[in-house]
Protein chains: 2
Amino acid sequence: MAAVNQVFIAIIGAGGVGKCFLSQLQVLAKRRPSPKLALCYICTSKKALYSSDYSALGFEDALQTLSSSSQAPLDLPKLADYLAAAPSKVVLVDNTSSEEVAEAYPLFLGRGVSIVTPNKKAFSGSYKLWQDIFEASASSGAKVYHESSVGAGLPVISTLKDLVDTGDEVTKIEGVFSGTMSFLFNSFAPTTGSGGKWSTEVKKAKELGYTEPDPRDDLNGLDVARKLTILARLAGLPVESPTSFPVESLIPNALESVASGDEFLRKLPDFDSEMERTKTAAEKEGKVVRFVGSIDVATKQVKVGLEKFDLSHPIAALKGSDNIISFYTKRYGSNPLIIQGAGAGGEVTAMGVTSDLIKVLSQIS
Amino acid sequence: MAAVNQVFIAIIGAGGVGKCFLSQLQVLAKRRPSPKLALCYICTSKKALYSSDYSALGFEDALQTLSSSSQAPLDLPKLADYLAAAPSKVVLVDNTSSEEVAEAYPLFLGRGVSIVTPNKKAFSGSYKLWQDIFEASASSGAKVYHESSVGAGLPVISTLKDLVDTGDEVTKIEGVFSGTMSFLFNSFAPTTGSGGKWSTEVKKAKELGYTEPDPRDDLNGLDVARKLTILARLAGLPVESPTSFPVESLIPNALESVASGDEFLRKLPDFDSEMERTKTAAEKEGKVVRFVGSIDVATKQVKVGLEKFDLSHPIAALKGSDNIISFYTKRYGSNPLIIQGAGAGGEVTAMGVTSDLIKVLSQIS
């Protein structure tokens, strides 16, 4: 039934990243004759497309056919049954940020289904889930790759893995891990010029689509804390969860519980003086303030929050909504290995997923 | 005879990089139970160590046993016979910069022997050799990885491959590709302060071990041209050779043919005024001069030489002997994907070789 060298692809999620991934997958499937890629399942939260005989769905019209499908998504244990019974190896691509899907990774991996995903939840949830995922992968031989869970398509996770796997000693990781925070501070406290008011910059970022629908979901620092959790674990620290180390929230206490993001934005100007003081204090030292995450591997300290940087520091010189990640290691000495560039956006996030898929294909086929 | 999941390692070269690689390999072999790594051949230009029944040599004492060995290296066709007849898959690690070994890659690959190497020669020689290498690899399934041929252990080649393989359009690659040139210009034309005389900085770099024994081998720009040739080819340009595009040499014409590096260094001060003029001209525009390579993919222009950069440009802000490589692509837009850090040295070069080996092992075992 299945061609000799065929690999099935199953996709959960067809939002911003999912759509970009699907178009990259089309190009990939055309360019690479082997292994032959066959789409056997695709779903959103409401609809699905699959057939019990695993006949391949067209990559080109998958989204359109999906939108008019009357099939409901399989629940996750049933999906695992369906994929485990496929007549060729399967790679599951999770393009959601769903915690429920993340929690099912050990189930999929344990049944031989490889996973590639930008979903941070699985790798920054409980340490137990992290262990279950990699144990399931080790015992079944199914692969799990998640480059885009930190810095989107930037080669952050692969580089950290290479450092660790070749026996280097990572001493510190530091950087700007949020495109939203990068944009906000590069505009609020630029290295040249004076920058705008904090609340004005937050509004602008929201209008440009750089924030979550409710900007508090960026300003609470949890997104950065999740990424730090992932990197710290890869560097060997058994971090329990993204709330088990200090994370500075930029949401004023009084606005923590206002009803909506809109109300938050209306009231935020009342708190501009606080951020202005922080900015001025840094300026007096000839520095700028930035929202960074850092992992000190030796002292096992992980933290997320505001820090001051010299104007000549690469973190201060960052532009637009770029991320920057510095790896300090024994081999690299005093000058770190630095990776910098766009760390958010559908196309670059999908790129990380697609390159992970290529790596998995080279190993399982 | 051979264990079920065993891979043989053969090593050519036991100099600076070779020694570091061997110590990383020891750690790797201990950490990873599968596949079992077995050293079946190691040689320098004068001596070798191997046995006709492929019994594994100890990683720990390989160098010492080699130094007292009375075996001569096998010539390359005989080595290919020996490795192709091994009872398990083989990875050949070429830690030399030998052109002769490089030219034998198609032979090894064609016979199923995978290759990992920091040797630039194979990938920056004739375009015919480049084609022969990748055709031999494609037809036999043997792998060939060469991360450390550009930027040592920095993830330069893997990142460029990921961009291309996932369908991004690389428009321009620009950077400082030589640790020696980086050190020279960061000291000669720093962004703050006035810097030393050109000839003084060249002497200092030589004393610190940052140059080749004859500094002209760095100053002629050929090392950078070789790296640009590799990147341009990976980006899709069929560059014929490292001498088929403009390369600016920093060796004054009159000193091209002086007898020795020492005589060159003695006479170099006579030409300081020329470099001083270049530096001053840049300063008048508020810029600094740097020795860079660039590839404009659309216009197919590759060039190597002096360029001026604003003080705030990441290339101007480089420190020590670091490399920096910027990838401008359609997906990344106006802000490039940047990789920065030490691009030379035994440990970081060996790291690129070891991480390549890990990738090959994950695919062939």
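The values are calculated or read from the model by the stated rules, or taken from the named source; none is laboratory data. Computed from a predicted structure; not experimentally measured. Neighbour counts are summed over all protein chains in view; Cβ atoms, including those assigned to glycine, are modelled from backbone coordinates with ideal geometry. The area values use the complete protein model at the heavy-atom level, side chains included, leaving out ligands, DNA and RNA. Shrake-Rupley method; radii C 1.70, N 1.55, O 1.52, S 1.80 Å.
How would you classify region A:168-235 from its alpha-carbon gyration tensor, with a ≥ b ≥ c the square roots of the eigenvalues: rounded for a/c under 1.5, else prolate if a/b is greater than b/c, otherwise oblate? Since a/c reaches 1.5 but b/c is at least a/b, the shape of region A:168-235 is classed as oblate. A compact globular protein would have a Cα radius of gyration near 2.2 N^0.38 Å; the ratio found for region A:1-42 is 1.21.
How about region B:155-187: which of its residues lose at least 40 Å² of accessible area in the presence of all protein chains relative to their chain isolated, using a 1.4 Å probe? Relative to the lone chain, where solvent access is computed with a 1.4 Å probe, region B:155-187 loses at least 40 Å² at B:Pro155, B:Asp162, B:Asp165, B:Thr166. Pull out a ≥ b ≥ c, the square roots of the eigenvalues of the alpha-carbon gyration tensor of region B:17-71, then state rounded if a/c is under 1.5, prolate if not and a/b is larger than b/c, and oblate in the remaining case. Here region B:17-71 falls in the oblate category. Computed on region A:115-200, with alpha-carbon pairs under 8 angstrom and 6+ residues apart, the relative contact order is 20 percent. Working note: 222 nm ellipticity from helices only, DSSP H runs with n ≥ 4, each -39,500 (n - 2.57), summed and divided by the residues of chain B, gives -11500 deg cm²/dmol to the nearest 500.
Keeping all protein chains in place and using 1.4 angstrom, which order do A:Arg226, A:Arg31 fall into by accessible surface area, from largest down?
Solvent-accessible surface, decreasing: A:Arg31, A:Arg226.
Taking only the Cα atoms of chain A, the radius of gyration and Dmax are 21.7, 72 Å. Highest average first, the peptides A:11-21, A:253-263 ordered by how many other beta carbon atoms sit within 10 Å of their residues are A:11-21, A:253-263.
How big is Rg to Rh over region B:314-365, alpha-carbon atoms, Rh as the Kirkwood inverse-mean-distance radius?
Working: Rg = 15.0 Å, Rh = 13.4 Å.
Taking Rh as the inverse mean 1/r over Cα pairs, Rg/Rh reads 1.12.
Across all directions, the average flat footprint of the convex hull enclosing the Cα atoms of the protein assembly as shown is 33.5 nm². Quick one: if the Förster radius is 30 Å, what FRET efficiency do B:Lys330 and A:Thr192 give, using the C-beta to C-beta distance and rounding to 0.05? After rounding to 0.05, the efficiency reads 0.55. The calculated FRET efficiency for the pair A:Lys284 and B:Gln301, based on their C-beta separation and a Förster distance of 35 Å, comes to about 0.15. About its Cα centre, region B:1-127 has a charge dipole of approximately 380 debye under the convention of +1 per Lys or Arg Cβ and -1 per Asp or Glu Cβ, with nothing else charged.
Local charge for B:Asn186 was computed over the other residues whose Cβ lies under 13 Å away, with Lys and Arg +1 and Asp and Glu -1, and equals +2.
Pairs exceeding a 28 Å alpha-carbon distance, out of B:Lys89/B:Lys172; A:Lys30/B:Lys172; A:Lys197/A:Lys287; B:Lys121/B:Lys206: B:Lys89/B:Lys172.
Shown is the FRET efficiency for A:Gln64 and B:Ser257, computed with R0 = 51 Å from the Cβ-Cβ distance and rounded to the nearest 0.05: 0.15.
Across identical copies of the chain, B:Gln131 has label-point separations of 5.6 nm, listed in ascending order, with the point defined 7 angstrom from Cα along Cα→Cβ.
Around A:Gly346, with a cut-off of 12 angstrom between Cβ atoms, what is the net charge of the other residues, counting Lys and Arg +1 and Asp and Glu -1?
+1
Taking 19 Å as the straight-line reach from the Cα of B:Lys330, the aspartates and glutamates in range (excluding those fewer than 8 positions away in the same chain) are A:Asp322, A:Glu347, B:Asp162, B:Asp165, B:Asp168, B:Glu169, B:Glu174, B:Asp296.
For region B:234-308, rounded, prolate or oblate, judged on the Cα gyration tensor with a ≥ b ≥ c (square roots of eigenvalues), a/c < 1.5 rounded, else prolate if a/b > b/c? In terms of gyration-tensor shape, oblate. Mean sequence separation of contacting Cα pairs (under 8 Å, at least six apart), scaled by the length of chain A, corresponds to a relative contact order of 21 percent.
On the accessible surface of chain A, probed at 1.4 Å, how many percent belong to carbon and sulfur atoms? The partial results should precede the final answer.
Values: 7350 of 14580 Å².
Looking at chain A in its full context, I get 50 percent from C and S.
Rg/Rh for region B:261-343 (Cα atoms only, Rh after Kirkwood) is 1.05. On full extension, the segment bounded by A:Ala56 and A:Ser362 gains 108.1 nm, given 0.36 nm per residue less the C-alpha separation. Debye-formula intensities of region A:83-160, expressed as log10 I(q)/I(0) at q = 0.14 Å⁻¹, are -0.42 (one equal scatterer per alpha-carbon, no solvent). Placing unit charges on the Cβ atoms of the charged side chains and taking the dipole of chain B about its Cα centre, the candidate lying farthest along the positive direction among B:Val116, B:Ile358, B:Asn5 is B:Asn5. Taking other residues whose beta carbon is less than 12 angstrom from the beta carbon of B:Asp272, and scoring Lys, Arg as +1 and Asp, Glu as -1, yields +1.
Accessible surface area normalised per residue over region A:1-83 is 49 Å², counting heavy atoms of protein chains with a 1.4 Å rolling probe. Radius of gyration over Kirkwood radius for region B:143-265, both on Cα atoms: the Rg/Rh ratio is 1.03. Centre-to-centre separation between the Cα atoms of region B:271-300 and those of region A:1-40: 46 Å. Bridgeable aspartates and glutamates around A:Lys267 (alpha carbons under 15 Å apart, same-chain partners fewer than 8 residues away excluded): A:Glu201, A:Asp214, A:Glu256.
Using a cutoff of 8 angstrom between alpha carbon atoms and counting only pairs six or more residues apart, the relative contact order for region A:199-274 works out to 36 percent.
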